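Asker: Okay, here's the structure, questions in a sec.
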Amino acid sequence: MTDNSSNTKKFVTTKPFFSTLFLATTLSISTILPVFAGTAQKTQLMSQSGKKVEITLATYAVTKAAYSKIIPQFVAKWKREKGQDVVIRESYGGSGSQTRAVIDGLPADVVALALALDTKKIEQAGLIKPGWEKEAPNNSIVTRSVVALETRPGNPKKIKTWTDLTKPGVKIVTANPKTSGGARWNFLALWGAVVRNGGNESQALKFVTDVFKNVIVLPKDARESSDAFYKKGQGDVLLNYENEVILAAQQGKTDVSYEVPPVNISIEGPVAVVDKNVDKHGNREVAEAFVNFLFTPEAQREFAKVGFRPVNATVAKEVQGKFPKIARLYTVDSLGGWNGVQKKFFDDGAIFDRIQGRRR
């Protein structure tokens, strides 16, 4: 993914936040935060009603290519309409890591994460007020994707549908749903391929168990699973977000060799204002405006360019020919919602653990 760079125009100033320090070093959050709180936060609080306002966005890594285009557009719009400069600090990382960082003190004003379960954890920590889903358009779902089957060039194993994953000799790479939010979507897509297509739960259990017998590596997160497939050459097929495959092809990491099964789950990424932080920073107005901007055609087009399926109806119609059609699209709510899904499938001793036990 390309790095964001600071715009040279005075009023379009974006500053990457220190996600690398949070996610890639041994420094603790308590070590880092006093520096931020004692300097930048003080400046931020003084500037909210003046000629400059600051907000911090915490989001998951794959969105970076879209936000590098969206943020300057919003900053220019706010300057034009309000006469005020906006500095948007950015923090990128795995959705689960970002969730923990915000709970532990990362002063994010807006969070855009890979699944609502992560946002709910921040709510349960007391940082986001209940009912956040109704605070933005589209029930606060700002990005959509589906699960794709990424194959080797030319698809030598002829993998086109979910059932092809159970063929003898097919080697599958997917992340571990116990540790990866993205892998939970993969698992639910497999389960839903049966129960949302006329089958029952016993049939789903057998099918998913058979699929996981063909899984040759189970990395801890989506990034490691992509590295296993792309860089290490492991596996015949990678279960991946469709937008990840499209972006990887744009960046020259792979060709666009993938299949999208016509029965699929809607991968939905929510966005929310972190109430406790914006009230502390005095920047609620601009934070809420930024969230609402993400649903505009301008922003949704940028998400679409990097492979996300737009949630804006106008943009969805514009790009409908660029994405494979889904005959039957279902949501996590149709499988019981995130709280029920987590308990049923991914808690200790739940269905996924039992499936893993059968592999041994």
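The values are calculated or read from the model by the stated rules, or taken from the named source; none is laboratory data. Small disclaimer: the values here were computed from a predicted structure and weren't measured. Neighbour counts are summed over all protein chains in view; Cβ atoms, including those assigned to glycine, are modelled from backbone coordinates with ideal geometry. Surface accessibility is based on the protein's heavy atoms, side chains included, excluding ligands, DNA and RNA. Shrake-Rupley method; radii C 1.70, N 1.55, O 1.52, S 1.80 Å.
Asker: Pick out the one residue from Gly307, Gly269 that is touching a residue at least 40 places away in the same chain (Cβ under 8 Å), in contact with a strand residue (DSSP E or B) (Cβ under 8 Å, 6 or more places away or on another chain) and at negative phi.
Answerer: Of the residues listed, the single one that is touching a residue at least 40 places away in the same chain (Cβ under 8 Å), in contact with a strand residue (DSSP E or B) (Cβ under 8 Å, 6 or more places away or on another chain) and at negative phi is Gly269.
Asker: Still on this structure, I have one more. Among the residues of region 255-292, which ones are of a type in the set (Phe, Trp, Tyr) and surrounded by 24 or more Cβ atoms within 10 Å (Cβ to Cβ)?
Answerer: Selection gives Phe290 alone.
Asker: Another question, if that's okay. Exactly one of (1) more than 16 Å from the chain's Cα centre (by Cα); (2) open to solvent by less than 20 Å² (accessible area, probe 1.4 Å) is unmet by Thr163. Its number?
Answerer: Of (1) more than 16 Å from the chain's Cα centre (by Cα); (2) open to solvent by less than 20 Å² (accessible area, probe 1.4 Å), only one is false for Thr163: (2).
Asker: Please determine whether any residue of region 244-254 is part of a strand (DSSP E or B), closer than 27 Å to Asp333 by Cβ and open to solvent by less than 30 Å² (accessible area, probe 1.4 Å).
Answerer: no
Asker: For region 125-143, enumerate the residues that are among the small types (Gly, Ala, Ser) and either farther than 20 Å from Ala58 by Cβ or under 18 Å from the mean Cα position of the chain (by Cα) (or both).
Answerer: Gly131, Ala136, Ser140
Asker: With the requirement that a residue be part of a helix (DSSP H, G or I) and open to solvent by less than 50 Å² (accessible area, probe 1.4 Å), what does region 311-339 give you?
Answerer: If the condition is that a residue be part of a helix (DSSP H, G or I) and open to solvent by less than 50 Å² (accessible area, probe 1.4 Å), then Val315, Ala316, Val319, Val332, Ser334, Leu335, Gly337, Trp338 are the ones that fit.
Asker: Check Ala204, Ala222, Ala189 and return the single one that is at pLDDT below 95, under 26 Å from Ala350 (Cβ atoms) and surrounded by 17 or more Cβ atoms within 10 Å (Cβ to Cβ).
Answerer: Residue meeting the stated conditions: Ala222.
Asker: If I go through region 160-187 residue by residue, how many of them are outside any helix (DSSP H, G or I) and either of a type outside the set (Ser, Thr, Tyr) or without any contact (Cβ under 8 Å) to a residue 60 or more places away in the chain (or both)?
Answerer: Total satisfying the criteria: 12.
Asker: Scan Gln342, Gln300 and give me the residue that is in contact (Cβ under 8 Å) with a residue 40 or more places away in the chain and either open to solvent by less than 40 Å² (accessible area, probe 1.4 Å) or within 20 Å of the chain's Cα centre (by Cα) (or both).
Answerer: Gln342
Asker: Taking region 274-292 as the region of interest, how many residues are farther than 25 Å from Gly83 by Cβ and not in a helix (DSSP H, G or I)?
Answerer: So the count comes out to 1.
Asker: Would you say Phe295 is part of a loop (DSSP other than H, G, I, E, B), open to solvent by less than 30 Å² (accessible area, probe 1.4 Å) and not aliphatic (A, V, I, L, M)?
Answerer: yes
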